[in-house]
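One structure below.
The values are calculated or read from the model by the stated rules, or taken from the named source; none is laboratory data. Because the structure is predicted, anything quoted here is derived from the model rather than measured. Glycine gets a Cβ as well: all are built from the backbone with ideal geometry, and neighbour counts include every protein chain shown. We work out accessible area using only protein heavy atoms, side chains counted, and drop any ligands, DNA or RNA first. Shrake-Rupley method; radii C 1.70, N 1.55, O 1.52, S 1.80 Å.
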Amino acid sequence: MKILVCVKQVPDVERIVVRDAADGMAALDISNEFRMNRFDEFAVEAAVRIKESMAGASIHVITVGPGRAADVLKRPLGMGADQGIHLKTPTDADPGPAAVAAFIAGYARSRGYRLILCGSMSEDGLNGQVGPMAAAYLDLPYATQVIAIQPAPDPSELSIEREIEGGAREMLAIRLPALLTLQPGINRPRYPSLSRLLRAHRQGVETIPTETLRPAEAWVERLGLMAPPRMRASQVLTGSAREKADRLAAILKEKAFI
Amino acid sequence: MVIAPCANGRVHPETDELVAFGRRLQALRAGAIGVCIVGGDVNVAAREIAQRHSVPVTAIQAAGFSHYLSEPYVAVLTEEIEAVKPAFVCAPHTSQGWEWAPAVAARIGAGCICGVDGITECQGRLCFQKELYGGKVKGLFSVSTTTTVISVMPGIFTIKPAPPPCPPGPVTYKEAAWRPAQTRYVGTRQAGVDASDITAAPIIVAVGNGIGSPENIALANRLARRLPKAAVAGTRVVCDRGWLGYDRQVGISGASVAPALYIACGISGASQHVMGMRGARFVIAINTDPRAPIFNEADICIVEDIIRFIPLIEEACGRLAEGTKEAIDVR
Ligand SMILES: Cc1cc2nc3c(=O)[nH]c(=O)nc-3n(C[C@H](O)[C@H](O)[C@H](O)COP(=O)(O)OP(=O)(O)OC[C@H]3O[C@@H](n4cnc5c(N)ncnc54)[C@H](O)[C@@H]3O)c2cc1C
């Protein structure tokens with residue numbers, strides 16, 4: 001079984017600084033530290049577990065992004081993926097989910113993948129669109145928010161569970177080839193192994209410029225950023241840590257919590 | 001065009017919110033609102049929506065429909081949307097809408113924005129607002145395609161239904177074939193967790209990824225013991241790691257809580273978490289990142305390292321308690 005896992009390189013969200021800009025808008029200072037989207041680790045782990053339980057399975061891991069994005073393939077290769085593919089965009093600008101899905105579909109078409117796995121969304125865009133869109137472009141059955149994958153009695157199917165509101169689960173049977181986007185918590189992603197990382201380093205990745213694939217569609221344009229509104233008082237306590245703790249205790253007392 | 005969530009035979013409450021969203025759109029861009037509902041038995045629900053909101057409703061009765069499934073749902077909706085050619089398709093940002101909306105958009109070549117929580121006018125263009133970067137900022141997006149597919153965040157847009165004298169909207173009945181060729185619905189299993197420990201607690205000490213290690217959960221437990229009837233809860237990340245049980249998870253895929261006091265320790269404030277604690281009466285957030293989105297949801301914001309700070313809270317409470325005791329002794 002050939003498995004394709006889609007991963008994204010994202011900036012470290014905690015290090016992002018939001019600044020006020022002109023006209024009530026906001027601007028972002030994005031640090032130069034990038035890492036693999038945390039939600040994608042679950043997709044890589046799920047693929048590695050399938051490979052371990054199935055003779056002859058292989059895992060390709062694919063990313064769309066500028067030159068620096070090739071780095072994001074190292075971790076999945078270290079976790080057990082066999083081959084990395086970098087669809088290289090000409091600029092740093094994120095082409096958006098529709099284009100990313102079209103690029104991935106363009107690459108995956110006619111390469112015989114039985115299963116395509118994605119994370120549920122990316123930490124930066126929070127869109128969760130690439131999976132369903134790639135499935136549509138490839139005309140594949142798909143499911144999102146998948147929280148369990150089991151082999152089915154019929155080897156051309158998988159038994160899966162989707163997580164719906166309140167933690168309930170829909171049980172489905174899906175025929176392969178198919179695309180799944182995985183919920184965080186479906187597994188506990190392993191750490192990459194050093195020997196695999198070294199091997200991945202030697203092996204390198206396949207790089208394909210996105211200009212050679214179906215052109216990107218720029219349908220959705222980001223016009224600006226805004227600081228999120230305050231939903232509550234958001235009173236900031238100041239002073240030393242001890243002063244803040246005293247003030248907090250006083251507030252708890254005042255409100256009769258203690 | 002509002003796509004009412006598929007809930008066999010029943011009108012889903014999210015329908016009201018989607019109509020409210022449609023009305024907001026209407027206030028900015030003139031146009032007619034129509035609701036479309038797809039399912040196995042939707043005629044009664046369609047009439048109810050037409051009555052309630054005084055809008056035209058298309059009821060697509062799908063023979064063989066037993067339960068929502070992405071594949072046939074996308075096929076039926078794509079056909080209907082291509083026939084009607086609406087400027088906007090509004091879906092709920094739920095496990096259903098978030099699943100089908102991007103696929104429908106890809107099939108019809110429409111721009112798609114998921115998780116929209118606001119509409120504004122920006123540089124003369126209609127802009128849809130949604131969270132980015134874990135909720136640290138909102139992005140304003142504009143779309144250039146003839147049809148735009150939007151999934152609307154639940155719990156944001158509200159509406160009062162049209163008062164009774166309003167004439168009901170017309171209902172159009174259609175039929176479609178339900179062809180789930182590659183996917184099969186097997187059944188639904190309810191969540192097996194009992195979250196009553198946290199839903200009943202008047203005070204919640206909630207921990208996030210910032211707690212750093214399973215051993216540090218003890219800090220939260222100690223603080224909770226200091227506060228009357230407090231329970232410890234956590235974010236999905238903490239529960240997924242096994243640091244807390246799933247019966248302690250707060251958020252859309254866990255429990256919704258409404259305690260008198262919610263102390264968020266090392267929680268970033270992702271919308272999936274926040275939706276489960278919006279009902280809290282008083283919120284204290286402690287986080288090392290001064291721009292963590294949880295601070296927008298807090299009454300009291302403390303920029304500190306929780307590992308160092310939680311013990312300080314206990315000490316401060318202790319000092320306060322002692323102070324009170326002394327005062328009483330003196331008396
Ligand atoms: C479909 C779906 C459903 C989901 N459902 C839920 C749900 O029900 N509930 C839920 O919680 N999540 C849910 N999530 C996940 C959600 O998107 C976030 O990933 C999650 O809430 C983040 O958890 P966190 O705040 O603990 O972690 P992070 O986002 O990693 O945040 C950790 C925070 O701790 C701060 N920090 C780090 N170290 C310290 C320190 N020493 N002291 C103080 N602060 C520190 C950081 O600045 C950061 O803000 C869902 C996601 C999806 C896709």
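Identify the residue in segment A:162-187 that is open to solvent by 30 Å² or more (accessible area, probe 1.4 Å) and more than 7 Å from chain B (Cβ to nearest Cβ) and, among all such residues, is farthest from residue A:43 (Cα to Cα). It would help to see each step written out before you state the result.
Step one: filter segment A:162-187 for residues open to solvent by 30 Å² or more (accessible area, probe 1.4 Å), giving A:164-166, A:169, A:171, A:175, A:177, A:186.
Checking the rest, the ones that are also more than 7 Å from chain B (Cβ to nearest Cβ) come to A:177, A:186.
Working: A:177: 16, A:186: 9 Å.
So, considering only residues that are open to solvent by 30 Å² or more (accessible area, probe 1.4 Å) and more than 7 Å from chain B (Cβ to nearest Cβ), the one farthest from residue A:43 (Cα to Cα) is A:177.
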Kindly evaluate residue B:75 against the criterion of being buried (at least 24 other Cβ atoms within 10 Å of the Cβ) and either of a type in the set (Ser, Thr, Tyr) or closer than 29 Å to residue A:171 by Cα (or both). no
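Could you check how many residues of segment A:118-165 are in a loop (DSSP other than H, G, I, E, B), under 18 Å from the mean Cα position of the chain (by Cα) and not small (Gly, Ala, Ser)? First the steps, then the outcome.
Here is the first cut: in segment A:118-165, the residues in a loop (DSSP other than H, G, I, E, B) are A:120-129, A:139-141, A:152-156, A:164.
Keeping just the survivors that are under 18 Å from the mean Cα position of the chain (by Cα) gives A:120-129.
After this cut, where a residue has to be not small (Gly, Ala, Ser) as well, the list is A:121, A:123-124, A:126-127, A:129.
Final tally of qualifying residues: 6.
Which ones in segment B:201-213 are in a loop (DSSP other than H, G, I, E, B), within 14 Å of chain A (Cβ to nearest Cβ) and without any contact (Cβ under 8 Å) to a residue 60 or more places away in the chain?
Looking only at segment B:201-213, we keep the residues that are in a loop (DSSP other than H, G, I, E, B), and these are B:201-202, B:208, B:212-213.
If we keep only those that are within 14 Å of chain A (Cβ to nearest Cβ) as well, we get B:201-202, B:208, B:212.
B:201, B:202, listed by residue number.
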I'd like the full set of residues that are away from the ligand (no atom under 13 Å from the Cβ), open to solvent by 50 Å² or more (accessible area, probe 1.4 Å) and touching a residue at least 24 places away in the same chain (Cβ under 8 Å), limited to segment B:214-242. B:214, B:222, B:226, B:228, B:229
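Counting just the residues of segment B:143-189 that are of a type in the set (Ser, Thr, Tyr) and under 26 Å from residue B:269 (Cα atoms), which one comes out farthest from the other protein chains (Cβ to nearest Cβ)? Break it down into steps so the answer makes sense when it comes.
Restricting attention to segment B:143-189, the residues satisfying the condition of being of a type in the set (Ser, Thr, Tyr) are B:144-148, B:151, B:158, B:172-173, B:183, B:185, B:188.
Right, trim to under 26 Å from residue B:269 (Cα atoms) and you get B:151, B:158.
On the way: B:151: 9, B:158: 15 Å.
Here the residue is B:158.
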Top-ranked residue of segment A:93-141 - restricted to ones that are acidic (Asp, Glu) and facing chain B (nearest Cβ under 8 Å), ranked as nearest to the ligand (Cβ to nearest atom): A:123
Selected residue (only one of B:279, B:245 is small (Gly, Ala, Ser) and either within 8 Å of the ligand (Cβ to nearest atom) or touching a Cys at 6+ places or on another chain (Cβ under 8 Å) (or both)): B:245
Just checking, how many residues over segment B:5-63 are part of a strand (DSSP E or B) and open to solvent by 10 Å² or more (accessible area, probe 1.4 Å)? 3
Check off (1) surrounded by 15 or more Cβ atoms within 10 Å (Cβ to Cβ); (2) at pLDDT below 90; (3) more than 16 Å from the ligand (Cβ to nearest atom) for residue B:166 and give me the number that stays unchecked. (1)
Being open to solvent by 30 Å² or more (accessible area, probe 1.4 Å) and more than 7 Å from chain A (Cβ to nearest Cβ) narrows it down to one residue among B:108, B:198, B:119; which is it? B:108
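Only one residue in B:276, B:254 is farther than 14 Å from residue A:252 by Cα and more than 8 Å from chain A (Cβ to nearest Cβ), so which one is that?
Details: B:254 fails: more than 8 Å from chain A (Cβ to nearest Cβ).
Within the list B:276, B:254, the selection yields B:276.
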Restricting to segment B:250-272, what's the tally of residues that are open to solvent by 10 Å² or more (accessible area, probe 1.4 Å) and within 6 Å of the ligand (Cβ to nearest atom)? 7
Subset of segment B:282-321 [more than 8 Å from the ligand (Cβ to nearest atom), out of contact with any strand residue (DSSP E or B) (no Cβ under 7 Å at 6 or more places or on another chain) and closer than 22 Å to residue B:260 by Cβ]: B:296, B:313, B:314, B:316, B:317, B:318, B:320, B:321
Give me the pairs: first residue in segment B:248-268 and touching a residue at least 40 places away in the same chain (Cβ under 8 Å), second residue within 11 Å of the ligand (Cβ to nearest atom) and acidic (Asp, Glu), beta-carbon distance under 9 Å, and six or more apart or on different chains, which are they? B:249/B:240; B:266/B:305; B:268/A:14; B:268/B:289
